[in-house]
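Readers should treat all values here as calculations from the given coordinates under stated rules, not as data from a laboratory. Only a predicted model underlies this, so the values are computations on that prediction, with no experimental measurement involved. Here the Cβ positions follow ideal geometry from the backbone for every residue, glycine too, while neighbour counts run over all protein chains shown.
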């Protein structure tokens, strides 16, 4: 149980375009979803926390207008990288959780390459 | 920002040997968790230890926690080639449900 999927698994786009990444909880209702960014051989950096039906809470230094997060239902959150630039190339990972537990369940990640 | 550091950054051992990874953190915590990440994949939860616990076991995993030193260790006994992965500790941040990850240890188990 507690399976989280991400789509797409990898995406290549041109500089200036926007990219949407979906995160779905497949067998549970996720009251909270998290978005992380990971550079090669580095740790995960939390970008934002989103609760279903409310605005996301962004970490310090993360541009909310650049990284749009929508958590419209208890099973789906989306991250849109707007006007992507090469420096946005990274591995983006989502995780999901529900009220009362401390463990997070992670998606498989999305590798974004901006040319 | 990252909560703390993990040590060593990389570890290479022979199959059958034990692997020990250490994690240090900076602030008070409610719990500490260990996660595993295979290359290019998401993370898998391994074990959670609460601040009032000192040691916890799960299969071949043994986790210790020393809140006075703000450190934890993960021991994998009788390692297997399939244990090759990166291992991260994570502590709860300023909210109960937010995780702050350590820098990770890359473990290579040679067959």
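Over all Cα atoms in chain B, the spread is summed up by Rg and Dmax: 13.2, 41 Å.
How crowded by other chains is A:57-67, given as the mean number of beta carbons from other chains within 10 Å of each beta carbon? Before the final figure, lay out the partial values.
On the way: counts 2, 0, 3, 1, 1, 0, 0, 0, 0, 0, 0.
Counting other chains' Cβ atoms within 10 Å and averaging over A:57-67 gives 1.
Take every Cα pair under 8 Å in segment A:38-115 that's 6+ residues apart, average their separations, divide by the length, and report that relative contact order as a whole percent.
Values: 108 pairs, mean separation 17.7, N = 78.
Relative contact order here is 23 percent.
Averaged over the residues of peptide B:100-107, the number of Cβ atoms from other protein chains lying within 10 Å of each residue's Cβ is 3.
Comparing B:74, B:46, B:65 in a Gaussian network model of chain B, where Cα atoms under 10 Å apart are tied by springs, the biggest mean-square fluctuation is seen for B:46. GNM remark for chain A: springs join alpha carbons under 10 Å apart, and the peak mean-square fluctuation among A:61, A:53, A:16 falls on A:61.
What average number of partner chain Cβ atoms lie no more than 10 Å from the Cβ of the residues making up A:90-103?
Details: counts 0, 3, 0, 4, 1, 5, 0, 3, 1, 1, 2, 3, 13, 9.
Averaged over the peptide's residues, the number is 3.
Assign one of three labels to segment A:31-72, namely rounded, prolate or oblate, based on the Cα gyration tensor with a ≥ b ≥ c the square roots of its eigenvalues; rounded applies when a/c is under 1.5, prolate when it is not and a/b is larger than b/c, and oblate otherwise. Taking the square roots of the gyration eigenvalues as a ≥ b ≥ c, segment A:31-72 is prolate.
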